[in-house]
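Right, one structure below, let's go through it.
The values are calculated or read from the model by the stated rules, or taken from the named source; none is laboratory data. Source: prediction; values computed, not measured. As a convention, Cβ positions derive from the backbone with ideal geometry for all residues, glycine included, and neighbour counts pool all protein chains shown.
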Amino acid sequence: MPDDFASKVQRQIERLQHCSYQAIEAEVAQKRIAWFQRPDQSAARYDHPTPRQAFDLLFFDYMGLAPDELPIVTETDTEIVWQSANPCPTLEAVKALGLDTRTVCRTAYEKSTQAFVSQLDPQLRFLRSYEEIRPYTPYCLERIVRVDFEALMRLAIEEARASRQEGNKGYGAVIVLEQRILAQAHDTAVTQRDPSLHAEVNAIRQAARVLGDSNLGGAILFSTCEPCPMCSSLAVWANLTTLVYGASIEETAALGKARIHVSAAEIVEKSPVMIEVMGGVLQEECLALYR
């Protein structure tokens, strides 16, 4: 290995020995966001950024890799799939320490990469296969896909309307991983006489059953209303990557709804988990549910 690559591997070994995965994730995310937000970066001028533009920006402009190290498998307007085969200090450090890339890369480097991509457009989603990942295969299979936030929020709105028809309070939630819907649910607290059965709780439970895994890393939760502290906390423990809501706690409280005045962002900020929180998607349509 060249000396400069060897030194990168050694630094990564020391980092993995002395820092928590959460600390590494936060440091990497901060560094990547800071690069993206430099005054000399013009990427924010893209009107409708594509998966290809995100791929080029991340790997060629930011990381300085060569195209032949990242052969493209498939590419469309809404998805790009590639095999990462570049020299990787993290891979070599993990091997030297006897760790597992499926744990290290998922815990420390998946959400921090999404944080970079979201600076371009949060509807572009970075995803990594943990079945096809080095050193267990000769490459890491990765992709960036475009997800339609408004279309998915409309499904949550349909769930909210179904909730009202059943005699519940009118909240809907959807969970998506890649472009696959894992769960569609609404609140059933009234009809099932269980105050914990909010739309988000029902959706998270359903998604965990579908995946056979309580770790929902990579997934997005869409909710017609900003999740309450209970639901935001459950999102933390489920390790969701992103929360997207329509109407906020403050807005629905102003309409007379009983809300606990603690935002989802505040819960996440005080948690050990990195989660994106975005509001205002189909805001007026969601607010109309509660008028």
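Figures for the structure shown
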| read-out | value |
| --- | --- |
| Any strands (runs of 3 or more DSSP E) falling wholly within the range 156-248 and containing at least 2 residues that are at pLDDT 95 or above and in contact with a Cys (Cβ under 6 Å, 6 or more places away or on another chain) | 242-247 |
| Tally, over the range 53-87, of residues that are assigned to a helix (DSSP H, G or I) and over 23 Å from PRO138 (Cα atoms) | 5 |
| Single residue of PRO87, PRO67, PRO71 found to be modelled with pLDDT of 95 or more, exposed (fewer than 15 other Cβ atoms within 10 Å of the Cβ) and touching a helix residue (DSSP H, G or I) at 6+ places or on another chain (Cβ under 7 Å) | PRO87 |
| Near pairs, Cβ below 9 angstrom, 6+ apart or cross-chain, from the range 71-91 (over 16 Å from SER129 (Cβ atoms)) to any residue that is of a type outside the set (A, V, I, L, M, F, W, C) and in a strand (DSSP E or B) | ASP77/ARG146; THR78/ARG146 |
| Given (1) of a type in the set (D, E, K, R); (2) touching a helix residue (DSSP H, G or I) at 6+ places or on another chain (Cβ under 9 Å); (3) over 16 Å from LEU141 (Cα atoms), number of the condition ARG38 does not satisfy | (2) |
| Residue list for the range 2-21, filter: in a helix (DSSP H, G or I), under 27 Å from the mean Cα position of the chain (by Cα) and surrounded by 14 or more Cβ atoms within 10 Å (Cβ to Cβ) | GLN12, ILE13, ARG15, LEU16, TYR21 |
| Subset of the range 167-201 that is among the acidic types (Asp, Glu) and in contact with a helix residue (DSSP H, G or I) (Cβ under 7 Å, 6 or more places away or on another chain) - its residue that is surrounded by the fewest Cβ atoms within 10 Å (Cβ to Cβ) | ASP187 |
| Sole exception among (1) out of contact with any Lys or Arg (no Cβ under 6 Å at 6 or more places or on another chain); (2) under 30 Å from GLU150 (Cβ atoms); (3) among the aliphatic types (A, V, I, L, M); (4) buried (at least 21 other Cβ atoms within 10 Å of the Cβ) for ALA108, by number | (2) |
| Residue in the range 250-261 that is among the hydrophobic types (A, V, I, L, M, F, W, C), surrounded by 21 or more Cβ atoms within 10 Å (Cβ to Cβ) and not in a strand (DSSP E or B) present | no |
| Test: residue in the range 97-109 that is in contact (Cβ under 8 Å) with a residue 12 or more places away in the chain, more than 22 Å from the chain's Cα centre (by Cα) and over 13 Å from GLU142 (Cα atoms) | yes |
| Sole exception among (1) surrounded by 20 or more Cβ atoms within 10 Å (Cβ to Cβ); (2) over 16 Å from LEU155 (Cα atoms) for PHE222, by number | (2) |
